[in-house]
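Structure first, then comments.
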Amino acid sequence: MSTESTTITVGEGTGAGGQELGYDVVVGNGLLARLHTMIGTQAERVLVIHPRALRATGDVVREDLEKAGFQAVTAEIPDAEEGKHIQVAAFCWQVLGQNDFTRSDAVVSVGGGAVTDVAGFVAATWLRGVRVVHMPTTLLGMVDAAVGGKTGINTAEGKNLVGSFHQPAGVLADLDTLISLPRNELVAGLAEVVKCGFIADEEILKIIESAPDQAQNPHSWQLRELVERSIRVKAKVVGEDVRESGVRESLNYGHTLGHAIELAERYQWRHGAAVSVGMVFAAELARSLGRLSDAEADRHHEILTSLGLPVTYRGDRWNQLLEGIRRDKKNRGDTLRFVLLNGIGSPTTVEIPDPSILFATYQEIAEEPDTSTTISL
Ligand SMILES: NC(=O)c1ccc[n+]([C@@H]2O[C@H](COP(=O)([O-])OP(=O)(O)OC[C@H]3O[C@@H](n4cnc5c(N)ncnc54)[C@H](O)[C@@H]3O)[C@@H](O)[C@H]2O)c1
């Protein structure tokens, strides 16, 4: 395995006020020593936000920052989605206030996508915005949540309804952190990697197809290559569309049905598992519209199955799913919109005026109702 790290720059150029718009995502092993540079020379105080499950890692980061001369404090927050609450953000604001954090100080997130989202939100809102460096510790965090500047918390009415765009000062994707990640979390993250393969980089698909086991091994060169390639895909798309008004929709591939499944399952399914089914559905829809060949559509099924991701969903839930699909943010008025492929690497947003084609397509992925509970993710 390479001991060198790889740096991927997201966005480039300078803003109207002369500020740098781009930031670096560094991928490699043992990257903690890079943190000070990303925090920059202006900050005196750093708040390290981590979940309960990563207390030891959070402490190591804090101690390292103290050795480097920063006044570092930690905020331990509840695990996973429990952390994406306004009360948790309020707790972090309290810690910032009690420790006299100024606008030149910084926040560091250590954790999965849930932590990046809430820490990013805290950083975006404290004194109207302070620097944030993300240290994602899940595969999904590395290839998706930490890159692109979307931050958010959940409300009683739904997930990610409150948030802002706040670009990080940098991202450190340390592959060593994936060693302790439970397998189901790693596999769920691979769904987003596969998505990047289908929308933009076929080499990702080839790497997985030639060694699906190695794609799940945090020590393998294959996983590192997949992380780097997926980050490049996301970096390119978000660099072109910082505030999600156009091409960024392609990152939504598989997410329309995926989000509807998550909602129907009351968020008890991993996001990646739902997106996996959503991609197979999108592939079937594209096949029936003549946009994908049989081989290309079947490839979705095969690659996702080889990773142990689900490709079917309960046949008795269509009406509920359609309700979820109607809530999708891509829709315009009553017209439903899906990201579909015109061949591998060519995503486009397609309007579906007649939902009956969706129901017909759904039959391709629908299970018998009584086999629906056999899911391991
Ligand atoms: N902002 C964005 O662009 C964006 C994109 C995708 C997803 N998200 C958000 O990301 C969240 C999901 O992220 P996730 O899948 O990383 O889940 P997560 O953050 O909930 O983490 C999953 C679980 O793994 C644990 N964990 C994290 N790192 C670990 C490690 N190295 N070793 C052992 N355990 C570890 C966590 O404590 C948690 O229990 C969702 O809230 C979603 O909305 C945001």
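Considering only residues in segment 176-198 that are within 15 Å of residue 304 (Cα to Cα) and β-branched (Val, Ile, Thr), the one that is nearest to the chain's Cα centre (by Cα) turns out to be 193.
Can you pull out the residues in segment 131-148 that are more than 6 Å from the ligand (Cβ to nearest atom) and either acidic (Asp, Glu) or crowded, with 24+ Cβ neighbours inside 10 Å (or both)? Can you show your working first?
Pass one, segment 131-148, residues more than 6 Å from the ligand (Cβ to nearest atom): 131-136, 139, 142-143, 146-147.
Those that are more than 6 Å from the ligand (Cβ to nearest atom) and either acidic (Asp, Glu) or crowded, with 24+ Cβ neighbours inside 10 Å (or both): 132, 133, 134, 135, 136, 139, 142, 143, 146, 147.
As a summary of the residue check, residue 73 satisfies the conditions (1) touching a strand residue (DSSP E or B) at 6+ places or on another chain (Cβ under 7 Å); (2) outside any strand (DSSP E or B); (3) in contact (Cβ under 8 Å) with a residue 12 or more places away in the chain except for the one numbered (2). Residue pairs whose Cβ atoms lie under 6 Å apart, separated by 6 or more positions or on different chains, with the first residue in segment 147-158 and over 16 Å from residue 83 (Cα atoms) and the second part of a loop (DSSP other than H, G, I, E, B), are 149/166; 149/167. Within segment 189-222, being within 16 Å of the ligand (Cβ to nearest atom) and either within 14 Å of residue 272 (Cβ to Cβ) or without any contact (Cβ under 8 Å) to a residue 60 or more places away in the chain (or both) holds for 189, 190, 191, 192, 193, 194, 195, 196, 216, 217, 218. Condition check for residue 135 on (1) in contact with a Gly (Cβ under 9 Å, 6 or more places away or on another chain); (2) over 26 Å from residue 188 (Cα atoms): one failure, at (2). Checked against the criterion of being out of contact with any Asp or Glu (no Cβ under 6 Å at 6 or more places or on another chain) and within 15 Å of the ligand (Cβ to nearest atom), the candidates 273, 282, 286, 264 yield just one match: 273.
So in segment 38-54, with the set limited to residues that are touching a residue at least 40 places away in the same chain (Cβ under 8 Å) and over 22 Å from the mean Cα position of the chain (by Cα), which one is nearest to residue 119 (Cα to Cα)? Top of the filtered list is 47.
Scanning segment 172-188 for residues that are more than 6 Å from the ligand (Cβ to nearest atom), surrounded by 14 or more Cβ atoms within 10 Å (Cβ to Cβ) and either of a type in the set (Asp, Glu) or farther than 20 Å from residue 271 by Cβ (or both) yields 172, 174, 175, 176. Give the residue, chosen from 151, 102, that is of a type in the set (Val, Ile, Thr), within 10 Å of the ligand (Cβ to nearest atom) and not assigned by TED's automatic domain parsing to the domain that holds residue 192. Result: 151 is the single residue among 151, 102 that is of a type in the set (Val, Ile, Thr), within 10 Å of the ligand (Cβ to nearest atom) and not assigned by TED's automatic domain parsing to the domain that holds residue 192. Let me spell it out: the conditions are (1) modelled with pLDDT under 95; (2) within 21 Å of residue 146 (Cβ to Cβ); (3) β-branched (Val, Ile, Thr), and residue 14 meets all of them except one. Which number is the exception? Every condition holds for residue 14 apart from (2).
Quick one: is residue 125 near the ligand (Cβ under 8 Å from one of its atoms), modelled with pLDDT of 95 or more and either assigned by TED's automatic domain parsing to the domain that holds residue 75 or not in a helix (DSSP H, G or I) (or both)? Reasoning before the result, please.
Details: near the ligand (Cβ under 8 Å from one of its atoms): no; modelled with pLDDT of 95 or more: yes; either assigned by TED's automatic domain parsing to the domain that holds residue 75 or not in a helix (DSSP H, G or I) (or both): yes.
The answer is no for residue 125.
Looking at segment 217-248, which of its residues are charged (D, E, K, R) and farther than 22 Å from residue 168 by Cβ?
Looking only at segment 217-248, we keep the residues that are charged (D, E, K, R), and these are 224-225, 228-229, 232, 234, 236, 240-241, 243-244, 248.
Once the filter is applied, which keeps residues that are charged (D, E, K, R) and farther than 22 Å from residue 168 by Cβ, segment 217-248 yields only 225.
Would you confirm, using the coordinates I've provided, whether residue 228 is in a helix (DSSP H, G or I), among the charged types (D, E, K, R), within 16 Å of the ligand (Cβ to nearest atom) and under 30 Å from residue 130 (Cβ atoms)? Criteria not met by residue 228.
The values are calculated or read from the model by the stated rules, or taken from the named source; none is laboratory data. Since the structure is predicted, the reported quantities are computational estimates derived from the model, not experimental observations. Note that we place each Cβ from the backbone using ideal geometry, even for glycine, and neighbour counts take in every protein chain shown.
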